[in-house]
Amino acid sequence: MIRAERRWRESLAARIALVFLVLLLVVQLASFAALRLSLVHHQRDKQPERLNEGGQLLQRLLDNKVNTAVAYGKSLARESGFFEVFITDTADEPTIVSALENFKVRVGAAKVAWLGIDGKVRYCSTRDGADEAAAAVARLRAVDRAPGIQSGVVLMGGQPYQAVMVRISAPRPVGWALMAFPLDEGLVNDMKRLEGLDLTLLSRASARAPWVVYKSSLDAMSAADLSEQAWGSLASAPAMVSVPSQGDELGVHPVLLGGDRGDSSVVALVSVSLDDAARLPSDLRLALIAITMLAIGVFAAGSIITARRVTTPLRGLVDAAERLGAGDYATPMRGLTRADEVGDLSHSFERMRVSIADNQAQVLRLAYWDSLTGLPNRTRFRDLVGTAIREAADAKLADGSAASVAVIMLDLNRFKHVNDVLGYGVGDQVLVGLAQRLGRALARDGDVVARLSGDEFGVLLCRTDAQQAQAVALRIEQALEQPLALGEHKVDMGAGIGIACWPLHAEDGDALLVRAEMAMYAAKRRNNGPVTYDPAIDATSAQTLTLISELRQAVDRSELRLYLQPKLALEDRRVVGAEALVRWQHPQRGLVPPAQFIPFAEQTGFIRHLTMWVFEEAARHWLALADEGLQLRLSVNLSTRDLLDLDLPQKFAALLARHGVPAAAFCLEITESAIMDDPQRAFATLDALSAMGFRLSIDDFGTGYSSLAYLKRLPVDELKIDQSFVRNMQSDRDDEMIVRSTIDLAHNLGITVVAEGVETAEAWNLLRDLKCDQAQGYHMGRPMPVAEFSAWSTSWGMRRAAGDTDGIHVLH
């Protein structure tokens, strides 16, 4: 039952049929209501006329009795000797009684009397009826129907009678014959039979007496309700009076019979039930019910047929949608020949099917192929590697060993810089050119080149061992050595190249890709040609992950140490500043070199925490050094992530305010590569820091790619010549020229020059001759803890004052 009810609710055809049937019933009910309302108004409007006609019928019935009585009286008068017994004075009482009885029987009256010509009662058919007859005569005298005829309704013995007085002539008037006929059931039944109206006869003894029901075709309760009305006070007989009775409403037409107006002693009430009159006839109700049932049947059949014409193609559309959901885009839609709305819907579904099929094909192309280069993407490359491994596992070489599969991965160097400087359009051209060169570098059919991500490519070499893969990687490296010419630009396309082989380095395709990628990153770090995977790379990676996890706790555990390396003025050997450096005193590993954790801190973003720690420690120790009389400017290194932090100036300002240190006490060192990653944001941060009073220094100057292009745009106060030029300038003429040119350029721009990596007195003297401003390196002092730096500064100041600094350097 519940399942059938649910199917009914969920069936569109059933709901359509139900809607049609409900609409039909609503229309039918509205029609019935309108018909009944119309009948009610019509019948109510018609009833006064009908009741008036009923009153006229009552009067005709009464008149007929009068006419009949008159005719009988006159016919008897023509019989010789019939009334002589009343005229003569010789008749005895039995004879008179017999004559009256005969007279009563002949005319069919209930009571008869003989009146003299003067109207006085002489003889009466009842022993004590003389007074009643006299009272009746008195009332009839006021009514003349015609000459010699008087009639009316009177009370005799408390009951209403229709009394008729006829003058008897033989041939001259000899007296009056009085005949009284009771208003009996016959009159009431005639009214009901002839007109379908109810008749109620009320009488009263006097004008002040209550009405008493004499005869009625109504039930006793309804008749009693009518008797309580003030009928005798009506000035005239209205067409209809509405009287509520027993939950019904009666339309009543009063007819005053006995007396005039308020003196009436008898009233006849012609009535009809207004509710019954307005009720639909039973045959009409049956006809309407039959019509309604027939209409329901017709509508049900028609609605089911209509619903099926709608739902059948909709079910076809549902099936089509399920086919589309299952991936079947080849089966065309049905119902395309229809010209109605369903046909339009079918055509729309067909267009959708075709569009989805095209889009799905495009999605599949995008899912497995790179839209820019037309090469397989990472997903497709992974599938191809897995297929190649399975085929190699099934194949055997001539010596019975399994074939090998090699994967080469390469990642372009400085590709982000190309996008930032030359634009993404040129970057896309670089990727397309690289794809073409890789394709030309592969000599065998079956080898695959794929673009794995933005500037990362992969090469699949089937049936190739590690030695052959190394040869291919070298060939690829040679192909990338030639710059790519793109219009006005020439782009160097160096890359880090990693190699891994199956089954030598991995057991499955996913592991092979991971190992090749690890070798690629190792090649980028070493910058010394292609690198073949080695298990030591995994060990280094695991150690690195451990260090990164422990580094996050090193700050809270106070394992970090601040070291300072002095910076001296070349002109007078005065200590003018120091570079603040961080060291990690690991509880198990001892002093961890910065190279082992700084690069990974930069990759993970933890470098920001290290920068803030170094800056706050430097601010705290600056105050201590100042108290000892050392007025120094401390240099703090900023990373790429620091420059991209637009809140960095506010963070530094808070720390300066906390420790009461001026911004001029610090020099912030930045690298050229850090600026190139996002020049706009870097410029905004540097401008804000310069405005606060910080000195800005470009670290490792000369190793970047666009130093001169950005130098004039930066608020720079200092340049630090990279130590690679300083160490070799005595033996390499080119390096000396680079150092000399850099010093001249900086001085022309009003910028202080600092030389890094000064390790010999010869380098010190040469830099002094080249007019370099400051020097930093092991010749003067290694990075040292703050406490040792304070002692070293004091000792150096004393020797400088004594002039004992020539050829002296302190190595810690």
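Tabulated results
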item: Residue that is farthest from the chain's Cα centre (by Cα), among those in segment 139-150 that are farther than 21 Å from R204 by Cα and not in a loop (DSSP other than H, G, I, E, B); result: I149
item: Residue in segment 664-676 that is assigned to a loop (DSSP other than H, G, I, E, B) and either open to solvent by 50 Å² or more (accessible area, probe 1.4 Å) or modelled with pLDDT of 85 or more (or both) present; result: no
item: Among the residues listed as R768, R799, the single one being under 30 Å from R713 (Cα atoms) and assigned to a helix (DSSP H, G or I); result: R768
item: Residue within segment 549-557 that is β-branched (V, I, T), open to solvent by 20 Å² or more (accessible area, probe 1.4 Å) and without any contact (Cβ under 8 Å) to a residue 40 or more places away in the chain present; result: no
item: Count - residues of segment 96-138 that are of a type outside the set (A, V, I, L, M, F, W, C), in contact with a helix residue (DSSP H, G or I) (Cβ under 9 Å, 6 or more places away or on another chain) and either buried (at least 20 other Cβ atoms within 10 Å of the Cβ) or not in a loop (DSSP other than H, G, I, E, B) (or both); result: 6
item: Selected residue (criterion: least open to solvent (accessible area, probe 1.4 Å)) from residues of segment 679-703 that are in contact with a Phe, Trp or Tyr (Cβ under 8 Å, 6 or more places away or on another chain) and not aromatic (F, W, Y); result: L689
item: From the options K416, K490, residue that is within 56 Å of the chain's Cα centre (by Cα) and in contact (Cβ under 8 Å) with a residue 24 or more places away in the chain; result: K416
item: Residue in segment 568-621 that is farthest from T640 (Cα to Cα), counting only those that are in a strand (DSSP E or B) and without any contact (Cβ under 8 Å) to a residue 40 or more places away in the chain; result: G590
item: Residue check, L634 aliphatic (A, V, I, L, M) and over 26 Å from L686 (Cα atoms); result: no
item: Candidate set from segment 422-473 (those that are among the basic types (K, R) and under 17 Å from G374 (Cα atoms)); member that is surrounded by the fewest Cβ atoms within 10 Å (Cβ to Cβ); result: R440
item: Segment 169-190: number of residues that are charged (D, E, K, R) and outside any helix (DSSP H, G or I); result: 2
item: In segment 186-206, residue nearest to S222 (Cα to Cα) [restricted to those that are of a type in the set (D, E) and at pLDDT 85 or above]; result: D198
item: Those residues of segment 357-371 which are in a helix (DSSP H, G or I) and open to solvent by 50 Å² or more (accessible area, probe 1.4 Å), in sequence order; result: D358, N359, Q360, Q362, V363, L364, R365, L366, Y368
item: Among the candidates V166, V213, V153, V255, residue that is part of a strand (DSSP E or B), over 16 Å from G55 (Cβ atoms) and either polar (S, T, N, Q) or open to solvent by 10 Å² or more (accessible area, probe 1.4 Å) (or both); result: V213
item: Any hit, segment 750-763, residues being closer than 30 Å to K712 by Cβ and surrounded by fewer than 15 Cβ atoms within 10 Å (Cβ to Cβ); result: yes
item: Identity of the residue in segment 496-507, part of a loop (DSSP other than H, G, I, E, B) and touching a helix residue (DSSP H, G or I) at 6+ places or on another chain (Cβ under 7 Å), that ends up most open to solvent (accessible area, probe 1.4 Å); result: L504
item: Members of segment 92-122 that are over 23 Å from P160 (Cβ atoms) and hydrophobic (A, V, I, L, M, F, W, C); result: I96, V97, A99, I117
item: Check on P483, open to solvent by 80 Å² or more (accessible area, probe 1.4 Å) and without any contact (Cβ under 8 Å) to a residue 12 or more places away in the chain; result: no
item: Residue within segment 509-522 that is modelled with pLDDT under 90, open to solvent by 70 Å² or more (accessible area, probe 1.4 Å) and among the aliphatic types (A, V, I, L, M) present; result: yes
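Yes or no, residue by residue, for (1) at pLDDT 90 or above; (2) closer than 24 Å to T671 by Cβ; (3) in contact with a helix residue (DSSP H, G or I) (Cβ under 6 Å, 6 or more places away or on another chain):
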position	(1), (2), (3)
S707	no, yes, yes
R713	no, yes, no
D735	no, yes, yes
T760	yes, no, no
P783	yes, yes, no
W792	yes, no, no
M798	no, no, no
G807	no, no, yes
L811	no, no, no
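Yes or no, residue by residue, for (1) modelled with pLDDT under 70; (2) more than 30 Å from V459 (Cα to Cα); (3) open to solvent by less than 70 Å² (accessible area, probe 1.4 Å):
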residue	(1), (2), (3)
A301	no, yes, yes
A307	yes, yes, yes
V310	yes, yes, yes
L317	yes, yes, yes
E322	no, yes, no
R334	yes, yes, no
V342	yes, yes, yes
S355	no, yes, yes
T373	no, no, yes
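Table: residues versus (1) of a type in the set (K, R); (2) out of contact with any Ser or Thr (no Cβ under 8 Å at 6 or more places or on another chain); (3) crowded, with 16+ Cβ neighbours inside 10 Å.
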residue: H621; (1), (2), (3): no, yes, yes
residue: L625; (1), (2), (3): no, no, yes
residue: Q631; (1), (2), (3): no, yes, no
residue: L634; (1), (2), (3): no, yes, yes
residue: N637; (1), (2), (3): no, no, yes
residue: D642; (1), (2), (3): no, no, yes
residue: A657; (1), (2), (3): no, yes, no
residue: V661; (1), (2), (3): no, yes, yes
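Matching residues to (1) closer than 22 Å to A665 by Cβ; (2) surrounded by fewer than 16 Cβ atoms within 10 Å (Cβ to Cβ); (3) over 55 Å from the mean Cα position of the chain (by Cα):
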{"residue": "V582", "(1), (2), (3)": "yes, no, yes"}
{"residue": "Q588", "(1), (2), (3)": "no, yes, yes"}
{"residue": "F597", "(1), (2), (3)": "no, no, no"}
{"residue": "E602", "(1), (2), (3)": "no, no, no"}
{"residue": "I607", "(1), (2), (3)": "no, no, no"}
{"residue": "L610", "(1), (2), (3)": "yes, no, no"}
{"residue": "W613", "(1), (2), (3)": "yes, yes, no"}
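The values are calculated or read from the model by the stated rules, or taken from the named source; none is laboratory data. Bear in mind that the values here come from a model prediction, so they are computed numbers and not experimental data. Ideal geometry is used to build each Cβ from the backbone, glycine not excepted, and the neighbour counts take in all protein chains shown. Calculation scope for accessible area: heavy atoms of the full protein, side chains included, ligands and nucleic acids excluded. Shrake-Rupley method; radii C 1.70, N 1.55, O 1.52, S 1.80 Å.
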